[in-house]
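Here's the structure, in structure tokens; my notes come after.
The values are calculated or read from the model by the stated rules, or taken from the named source; none is laboratory data. What you see is a predicted model; the values in this text were computed from it and never measured. Cβ placement follows ideal geometry from the backbone for every residue including glycine, while neighbour counts extend to all protein chains displayed. To get the accessible areas, we keep the full protein, side chains included, count just its heavy atoms, and leave off ligands, DNA and RNA. Shrake-Rupley method; radii C 1.70, N 1.55, O 1.52, S 1.80 Å.
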Amino acid sequence: MLSKKTKYGLKALTFLASQKDKAPIQIAEIAKEENISQKFLESILLSLKKSGFLGSKKGKGGGYYLIKEPQEVLMTDVMRVLEGPIAMVPCVSLNFYEKCDDCPDEKSCSVNKLMLKVRDANLTIFRNNTLADLIQ
């Protein structure tokens, strides 16, 4: 299941990407327009800023803005920042691999085989979609 953090992060990113100009938008405005708790949104936007998706400006006329063009923001990157590993179990993760404690042989594990298919299907969707696709 998609976490609220990821859902709200995607909503905030699409809101920022849909703005005509790249002027900074205050957190309060994003929170109001997207019906997100302002305090929760602050931590999400800070994570997106630290990861290089957003910039910010302080003071009057300040707020957050996209650093990259929407077509350059891959959903795989956004999902990994907000949600963590794309794989549902660590034994099939490309970036966060860990062997399962209860599995003596991954090659014969039925769960591993299924989760590889799920991971690959998700990766195909995320790799083939950008922020620009979400605002069309």
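List, please: which pairs have Cβ atoms under 7 Å, are six or more places apart or on different chains, and start with a residue in region 108-136 that is free of Cβ contacts under 8 Å to residues at least 60 places away in the same chain and farther than 13 Å from residue 10 by Cβ and end with one that is open to solvent by less than 70 Å² (accessible area, probe 1.4 Å) and of a type in the set (D, E, K, R)?
The qualifying pairs are 112/106.
If you scan region 64-111, which residues turn out to be among the polar types (S, T, N, Q) and within 20 Å of residue 123 (Cβ to Cβ)?
71, 76, 93, 95
Assess whether residue 72 counts as being exposed (fewer than 14 other Cβ atoms within 10 Å of the Cβ) and of a type in the set (Asp, Glu). Before the answer, list the steps.
Working: exposed (fewer than 14 other Cβ atoms within 10 Å of the Cβ): yes; of a type in the set (Asp, Glu): yes.
For residue 72, the condition - exposed (fewer than 14 other Cβ atoms within 10 Å of the Cβ) and of a type in the set (Asp, Glu) - is met.
Check region 38-46 and report whether any residue there is farther than 30 Å from residue 97 by Cα, surrounded by fewer than 19 Cβ atoms within 10 Å (Cβ to Cβ) and of a type in the set (Phe, Trp, Tyr).
No; the residues of region 38-46 include none that is farther than 30 Å from residue 97 by Cα, surrounded by fewer than 19 Cβ atoms within 10 Å (Cβ to Cβ) and of a type in the set (Phe, Trp, Tyr).
Just checking, which of 87, 12 is hydrophobic (A, V, I, L, M, F, W, C) and closer than 19 Å to residue 132 by Cβ?
The unique qualifying residue is 12.
Output yes when any residue across region 117-130 is surrounded by fewer than 14 Cβ atoms within 10 Å (Cβ to Cβ), of a type in the set (Lys, Arg) and in contact with a helix residue (DSSP H, G or I) (Cβ under 7 Å, 6 or more places away or on another chain), and no when none is.
For region 117-130, residues surrounded by fewer than 14 Cβ atoms within 10 Å (Cβ to Cβ), of a type in the set (Lys, Arg) and in contact with a helix residue (DSSP H, G or I) (Cβ under 7 Å, 6 or more places away or on another chain): present.
Name the pairs whose Cβ atoms lie under 8 Å apart, with the first residue in region 2-14 and within 16 Å of residue 28 (Cα to Cα), the second among the polar types (S, T, N, Q) and in a helix (DSSP H, G or I), and 6 or more positions between them or separate chains?
Final answer for the pair search is 9/47.
Being modelled with pLDDT of 95 or more, under 22 Å from residue 130 (Cβ atoms), more than 14 Å from the chain's Cα centre (by Cα) and not polar (S, T, N, Q) is true for just one of 29, 42, 34, 69. Which residue is that?
Going through 29, 42, 34, 69 in turn, just one is modelled with pLDDT of 95 or more, under 22 Å from residue 130 (Cβ atoms), more than 14 Å from the chain's Cα centre (by Cα) and not polar (S, T, N, Q): 34.
Residue 93 - would you say it is modelled with pLDDT of 95 or more and either among the small types (Gly, Ala, Ser) or open to solvent by 70 Å² or more (accessible area, probe 1.4 Å) (or both)? Break it down stepwise before answering.
On the way: modelled with pLDDT of 95 or more: no; either among the small types (Gly, Ala, Ser) or open to solvent by 70 Å² or more (accessible area, probe 1.4 Å) (or both): yes.
Taking the combined requirement at face value, the residue does not satisfy it.
Regarding residue 86, is this residue at pLDDT 90 or above, open to solvent by 20 Å² or more (accessible area, probe 1.4 Å) and either in contact with a helix residue (DSSP H, G or I) (Cβ under 7 Å, 6 or more places away or on another chain) or closer than 19 Å to residue 16 by Cβ (or both)?
The answer is yes for residue 86.
Given the conditions (1) charged (D, E, K, R); (2) in contact (Cβ under 8 Å) with a residue 40 or more places away in the chain; (3) surrounded by fewer than 14 Cβ atoms within 10 Å (Cβ to Cβ), report the number of the one that residue 20 does not fulfil.
Answer for residue 20: the failing condition is (2).
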